[in-house]
1. Using a probe of 1.4 angstrom, how much of the accessible area of the range 9-97 is carbon and sulfur, in percent?
2. Considering Cα pairs under 8 angstrom that are at least six residues apart, work out the relative contact order of the range 19-142 and quote it in whole percent.
3. Could you sort 230-240, 278-288, 333-343 so that the peptide with the highest average Cβ count within 10 Å comes first and the rest follow in order?
4. For residue 277 and residue 121 in one chain, what is 0.36 nm times their gap in residues minus the Cα-Cα distance, to one decimal in nm?
5. Measuring with a 1.4 Å probe in the full set of protein chains, what accessible area per residue, in whole Å², belongs to the range 23-130?
6. Give me a comma-separated list of calculated 3J(HN,Hα) values for the range 180-187, in order, Karplus coefficients 6.51, -1.76, 1.60 applied at θ = phi - 60°, integers in Hz, x for any Gly or Pro.
7. Given a Förster distance of 51 Å, report the FRET efficiency between residue 206 and residue 30 from their Cβ-Cβ distance, rounded to the nearest 0.05.
8. With a Förster radius of 22 Å, plug the Cβ-Cβ distance of residue 231 and residue 253 into 1/(1 + (r/R0)^6) and report the FRET value to the nearest 0.05.
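The values are calculated or read from the model by the stated rules, or taken from the named source; none is laboratory data. As the structure is a computational prediction, the values presented were derived from the model and not from experiment. Counting neighbours? That spans all protein chains shown, and the Cβs are built from the backbone with ideal geometry, glycine included. Calculation scope for accessible area: heavy atoms of the full protein, side chains included, ligands and nucleic acids excluded. Shrake-Rupley method; radii C 1.70, N 1.55, O 1.52, S 1.80 Å.
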Amino acid sequence: MSGSWFVLVANSGDGTISSFRLIDGRLQRVAVNGGVPGCSTFVVDSRRDLLYASVKGDDPGIATLTLDRSSGRLTPRSHLSLPDGAMNYLSLTRNGSALLGACYGGGYGITCALHDGEVSDPISRIEYPNLHSVRASGDGRFAYFVSLGADLIAQYSIDPWLNLRPLAPATVAAPAGSGPRHLVLNAAQDALYVLTEFSGEVLRYRRDSYFGTLTPDGRTTAHDKSKELGHSEFGADPMANHFIWGADLHFSDPAHLWCSERTESTLGAVRVAADGSMTAPETFVVTEPQPRGFAVSPDGRYLVCAGERSTTVSLYRVRGSQLELLDHAETGAKANWVWFLAA
């Protein structure tokens, strides 16, 4: 995968999604699409050019939009209402036939079936305080929900009808008060990594690919310790108190796991050795103010970062654990979610 990419950025303050073309190290904005109020997460089925976006406002739920790659335009297609609260994280599985969601404010997670852009009513529902993210295993057999409020990862099998069945044990702990937030599986699917919001660490869990269960297996710092940030806590204002405020994480290659921290607005790469052991970032890049979301291109060559206190996104070339700034581009207010797909 090389050449040109399509980049989509959600701007929750404007209720828009910006479409960009990434060509020869430059971002060209080609469209700004409205109709997605408060959108802070979305997922794209690139084979069908369908985008599933969490929307808030008067009718919170999941909006389905069709993507026209020639123009960058998104056309509304359907809407599923979720009166108990909008999703903070969405994830596709089973070749785009199923959707997983996690709701922070409502404290619940769901599975839904997908058919021709239509999202079914929730088939299965679980409840844990302040669920912040969810991902399925690559084979679609298991799902992992992160609860920031309870400091745990809930682990489930997904049956053929998309019902969630708790594994034994049903949960695996994160360190007390760490505030686990976002997660990612490695390419080999034998480990799961979680970034914590309050302690600014990456937690590693070994994963049994047959049974799906997780086992804690190490942790490392992912924030800039030279900034002397304090350990955060639930309900605190991290900016006012100069507390740690971890956000998002993505692999650029098997050895580099990039993490964002919002109080000091930094990106840093945790090194992951062949045996799974981790080393804290040696250097940090100051990026867009308050970087809640960023993404790495599927070939690992580019990173685009958005900031909640910025109206621009930054484009970088990834060189191991270093980032080379290539471009800035206007997007919208409170930009907070980024997605790459082939142009």
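1. 43
2. Reported relative contact order: 17 percent.
3. Answer by packing, highest mean first, reads 333-343, 278-288, 230-240.
4. 52.0 nm
5. 42
6. Result, ordered by residue: x, 10, 10, 9, 8, 9, 6, 5 Hz.
7. That pair, residue 206 with residue 30, gives E of 0.75.
8. So, using R0 = 22 Å, E works out to roughly 0.15.
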